[in-house]
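What follows is one structure encoded as structure tokens, with my remarks underneath.
The values are calculated or read from the model by the stated rules, or taken from the named source; none is laboratory data. Computed from a prediction, not measured in an experiment: that's the story for all the values here. Cβ coordinates were reconstructed from backbone atoms using ideal geometry, including for glycine residues, and neighbour counts include every protein chain displayed.
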Amino acid sequence: MSCTESTVPVKCLKCQAELASPIVCTGCRTLYPPPQSADYFDLLGLQRNYVIDESQLTAAVRAISRKIHPDRFADQPPEMRKLATRLSAEVNQAMTVLKDPAQRAAYMLELAGGPSAAEVRDVPGDLLAEVMVLREQIDEAQSSQDAEPVEQMRSSIQARRTQALKQIASRADQLAAHSDEEKKEFRRLLNSLKYFDNLLEQLAADPLAQASGADNG
Amino acid sequence: MAEADDILIGIDLGTTNSLVAFGDDTGPHLIAGAIGDDDVILPSVVAFHEDGGVTVGHEARSHAVERPMTTIHSIKRLMGKGIADLKDDAVRLPYRLSQRRGDTEQRDVAAVLVNDKLYTPPEISAMILRELKVRAERHFGRSVSRAVITVPAHFDDAQRQATRDAGQIAGLDVVRIVNEPTAAALAYGLDRTEHAAIAVYDLGGGTFDISILRLEEGVFEVLATNGDTHLGGDDFDNTLIDLFSREIREQFGIEIATPTIKQQLRTLSENIKMRLSDRDTAPVEIAIGPDKVYRRTITREEFEKMIEPLVGRTILACSRAMKAAGLTPQQINEVVLVGGSTRVPYVRQRVAEVFRCRPYTALDPEQVVAIGAAVQASILGGANRDVLLLDVTPLSLGIETLGGAMGKLMSANVRIPCQATETFTTFQDGQTAVKINVLQGERELARDCRSLGIFELQNIPPMPAGIPKIDVTFLIDQNGILNVSAREQRSGKTASVQIIPSHGLTREEVRHMQEEAIKYAREDMTAHHLIDVCAAVEFDLNKAEQMIERYGHLIDDAKRRSLTAAIADLRAFAKQTDDPVALNKRREVFNRSTTSLAERAMTATLQVDDTDEPESAAKLSSPRGASSPSTT
């Protein structure tokens, strides 16, 4: 799990303080270009675990941003400002990815060398048939002009999505030890989330504006 | 104390009015014009005179009715736009819109035609900025060359670039572009709050923004923003203009087409709108010709019905912003109103309804953005280390893919700075350049999004098709402005990126305009500035003479004699100098020398009380210079 630690600097080269994040010394404001080996978890000084405390994540980003935001380097030479901008962009990107459970899981799969969405495009076996049925039910619910069945559909699809996410969560931390086939299956689970998202989007849309409801799946 | 170059001013460059401010140890302060301390608002109006001179502000605005074709207002609506974007504006604006000369199908930059000369919106905006720069220079008595400028949060890249270009043309290094609602939040000093969620509703003359922020220990995190850069108080006026035009046509068979009457109608409509903010009805009377008078009364109810669709659009945007921020109205602790158009009672009522709480209006909605810009300036200057702004990009960024779709690289409402990297290749053997159409917007088809420009990757080493791999990094910086860099994977060489902006100016064009403007500024603005400083000097000298006459007995003879000599000296210097900055320095020195007399005079006045003295007391405390004995 923590095989990357050795290549990430531990102490500030300037003031010898311990580095919570490899890109900035919170003591003396020295910026470091991100080490090749540092992943998003390292960048924010977080453990590489699927379960993340969101308030801890935002607090970590806030603390780092206070030190590395380009506004803090307005009086510094242009190279310094550029580095601050680049580091901020990386930290913000790390936050966006790690905050969202689906993106976080996909990122962990990538770290484990698993297949990308372009490499494995299919979904778990029975999902397509299930989605077809759900789609028909949505059409029916929306044509009823009643809010109640639409709301019911929403909560049942949401529940299916949560269920898929639970399966993802239970496997995410062991990805490194998984076989290639298991990684493929993990990717299929991730792909299935897209289908639920599309269904939820279809539900949220105004049925009157949905003249041609042909979503691609 | 600080070097001359260290002065950093904050500017609110508004559709209707502009302001300039700065921050110091005691907080943010607005900088006034030549007339007096209250003269902080500069109407964003530029008038071109027959003798070739240009004026900006109140004086310029006074020409609007009599010379509508050469009096340019609302230029902010044209920033970063092409003529194709402005069909509706062209009908309503009394001055003439055109296109920059030499534009191609790919490039469409709007321009204003005045006295047979074309001016792009950044050039006109630069004239307003230069006036504000002069104000600041007069205040500090030295040159000012760095500024923070605010823009609507929903401004796209082209509009932000145009604002930065305007700054450069005016001789200002725009060190930071800040979103107006975010600046307003800073101005409220809400950073003192431990943690809270706030909404800033900003309805100006021509633009609308809604931003949802979270405050946490001095850090302002924008969670989501929404808005419309083409919706504001101007549009409220337009509903009235359209109503009157229609009724005049129906009653008298007359079409209102002349620029003068158009402008009269605009001024009248503005006044009616303001009147309806504190009264229930407003009478309308327009003389159309001999014996032809259009008369009617308009009620607040009628007006509210007319603007309902416009206000409704802003309310819908509020709901979208809350949804994007993941908050319900109950979770929002505070709603802040910004912009002159929030004075309309119907707007306040609807905002209160959607957020289910009464909006906060402690600060003047027309000044709060400039004050926030000054706070941001002091943050950048290092004077304010506890506060930090973390903003978002208002629009998704993407590229046109094969088949004309919008391939999204970054979503709206992600925190900036942010970046994305995409790999491109060639389609033909030996191809050395690749063109990328960069887009901003939320629609699925490229043609429904806004093209920021064509980015051409050049100097790709000739290779068989599909072999070169060029990593292109799109980085949106803290100003919300896109920066693009490219690198060929194999060689590791940086590829050059040539940018042809769709609705903006190239670096070379801006540089050229800046040179032109400097030439013009030396001749014209120095003269103009000198007149202002001379007027201020004369005012201060008269004030000092009055003081000596009335209260001269309170100081000893030697002091009185030296003061009288100083007055004669300064008056003589003002007559012969052509350097406004030097003159202003002398003026400040002089004012310091009169401080002790002013203080004694003040004490004397307070002791006399009750007689005719309060008037002179007010006079003494009003202009700058003397220490301020205003409250006792």
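Data for the structure
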{"quantity": "Matching residues, the range B:440-457, being in a strand (DSSP E or B) and of a type outside the set (A, V, I, L, M)", "calculated": "B:Gln440, B:Arg450, B:Ser451, B:Gly453, B:Phe455, B:Glu456"}
{"quantity": "Test: residue in the range B:296-315 that is within 27 Å of A:Ser65 (Cα to Cα) and either in contact (Cβ under 8 Å) with a residue 24 or more places away in the chain or surrounded by 18 or more Cβ atoms within 10 Å (Cβ to Cβ) (or both)", "calculated": "no"}
{"quantity": "Any hit, the range B:419-433, residues being in contact (Cβ under 8 Å) with a residue 24 or more places away in the chain, closer than 26 Å to B:Val174 by Cα and either exposed (fewer than 15 other Cβ atoms within 10 Å of the Cβ) or polar (S, T, N, Q) (or both)", "calculated": "yes"}
{"quantity": "Condition met for B:Pro152 (within 19 Å of B:Gly504 (Cα to Cα), surrounded by 24 or more Cβ atoms within 10 Å (Cβ to Cβ) and in contact (Cβ under 8 Å) with a residue 24 or more places away in the chain)", "calculated": "yes"}
{"quantity": "Matching helices (runs of 4 or more DSSP H) fully within the range A:95-207 where at least 1 residues are in contact with a Pro (Cβ under 7 Å, 6 or more places away or on another chain)", "calculated": "A:127-143, A:147-172, A:180-204"}
{"quantity": "Tally, over the range B:404-439, of residues that are away from every other protein chain (no Cβ under 14 Å) and assigned to a strand (DSSP E or B)", "calculated": "8"}
{"quantity": "Residues that are within 26 Å of B:Val347 (Cα to Cα) and acidic (Asp, Glu), drawn from the range B:248-290", "calculated": "B:Glu270, B:Asp278, B:Asp280"}
{"quantity": "Top-ranked residue of the range B:377-394 - restricted to ones that are touching a Ser or Thr at 6+ places or on another chain (Cβ under 7 Å), in a loop (DSSP other than H, G, I, E, B) and under 15 Å from B:Val151 (Cβ atoms), ranked as nearest to the other protein chains (Cβ to nearest Cβ)", "calculated": "B:Asp391"}
{"quantity": "Restricting the range A:31-80 to residues that are touching a Leu at 6+ places or on another chain (Cβ under 7 Å) and of a type in the set (Asp, Glu), the residue that is farthest from A:Ala172 (Cα to Cα)", "calculated": "A:Asp71"}
{"quantity": "Flag if B:Ala64 is in contact (Cβ under 8 Å) with a residue 24 or more places away in the chain, surrounded by fewer than 21 Cβ atoms within 10 Å (Cβ to Cβ) and either of a type in the set (Ser, Thr, Tyr) or in the same structural domain as B:Gly381 (by TED's automatic domain parsing) (or both)", "calculated": "no"}
{"quantity": "Test: residue in the range B:38-50 that is over 20 Å from B:Leu97 (Cα atoms), among the β-branched types (Val, Ile, Thr) and out of contact with any His (no Cβ under 8 Å at 6 or more places or on another chain)", "calculated": "yes"}
{"quantity": "Considering residues of the range B:200-257 that are outside any strand (DSSP E or B) and within 14 Å of another protein chain (Cβ to nearest Cβ) only, the residue modelled with the lowest pLDDT", "calculated": "B:Glu217"}
{"quantity": "Extreme residue, nearest to the other protein chains (Cβ to nearest Cβ), among residues of the range B:468-485 that are out of contact with any helix residue (DSSP H, G or I) (no Cβ under 7 Å at 6 or more places or on another chain) and touching a residue at least 60 places away in the same chain (Cβ under 8 Å)", "calculated": "B:Ile476"}
{"quantity": "Any hit, the range B:76-85, residues being over 19 Å from the mean Cα position of the chain (by Cα) and without any contact (Cβ under 8 Å) to a residue 40 or more places away in the chain", "calculated": "yes"}
{"quantity": "The range A:54-68, subset free of Cβ contacts under 8 Å to residues at least 12 places away in the same chain and either more than 9 Å from chain B (Cβ to nearest Cβ) or not in a helix (DSSP H, G or I) (or both), residue nearest to A:Leu43 (Cα to Cα)", "calculated": "A:Gln56"}
{"quantity": "Residues within the range B:461-493 that are hydrophobic (A, V, I, L, M, F, W, C) and part of a loop (DSSP other than H, G, I, E, B), tallied", "calculated": "4"}
{"quantity": "Qualifying residue in the range B:172-193 (condition: surrounded by fewer than 20 Cβ atoms within 10 Å (Cβ to Cβ), free of Cβ contacts under 8 Å to residues at least 40 places away in the same chain, in contact with a strand residue (DSSP E or B) (Cβ under 6 Å, 6 or more places away or on another chain) and under 30 Å from B:Thr71 (Cβ atoms))", "calculated": "yes"}
{"quantity": "Strands (runs of 3 or more DSSP E) contained entirely in the range B:93-141, each with at least 1 residues that are among the basic types (Lys, Arg)", "calculated": "B:96-99, B:117-119"}
{"quantity": "Number of the condition not met by B:Ala185 [criteria: (1) within 14 Å of chain A (Cβ to nearest Cβ); (2) modelled with pLDDT under 95]", "calculated": "(1)"}
{"quantity": "Test for B:Pro359: is it away from chain A (no Cβ under 14 Å), touching a residue at least 24 places away in the same chain (Cβ under 8 Å) and not charged (D, E, K, R)", "calculated": "yes"}
{"quantity": "Meets criteria (closer than 21 Å to B:Glu516 by Cα and touching a residue at least 12 places away in the same chain (Cβ under 8 Å)) for B:Ser143", "calculated": "yes"}
{"quantity": "Condition check for A:Pro115: within 23 Å of A:Tyr195 (Cα to Cα) and modelled with pLDDT of 90 or more", "calculated": "yes"}
{"quantity": "Members of the range A:39-52 that are in a loop (DSSP other than H, G, I, E, B), over 16 Å from A:Thr26 (Cβ atoms) and not acidic (Asp, Glu)", "calculated": "A:Gln47, A:Arg48, A:Asn49, A:Tyr50, A:Val51, A:Ile52"}
{"quantity": "Any chance B:Arg450 is within 13 Å of another protein chain (Cβ to nearest Cβ) and in contact with an Asp or Glu (Cβ under 9 Å, 6 or more places away or on another chain)", "calculated": "no"}
{"quantity": "Checking B:Ile9 against (1) within 28 Å of B:Thr342 (Cβ to Cβ); (2) touching a Phe, Trp or Tyr at 6+ places or on another chain (Cβ under 7 Å); (3) surrounded by fewer than 22 Cβ atoms within 10 Å (Cβ to Cβ), the condition it does not meet", "calculated": "(3)"}
{"quantity": "Scope the range A:69-104; condition more than 10 Å from chain B (Cβ to nearest Cβ) and hydrophobic (A, V, I, L, M, F, W, C); matching residues", "calculated": "A:Met80, A:Leu83, A:Ala94, A:Val97, A:Leu98, A:Ala102"}
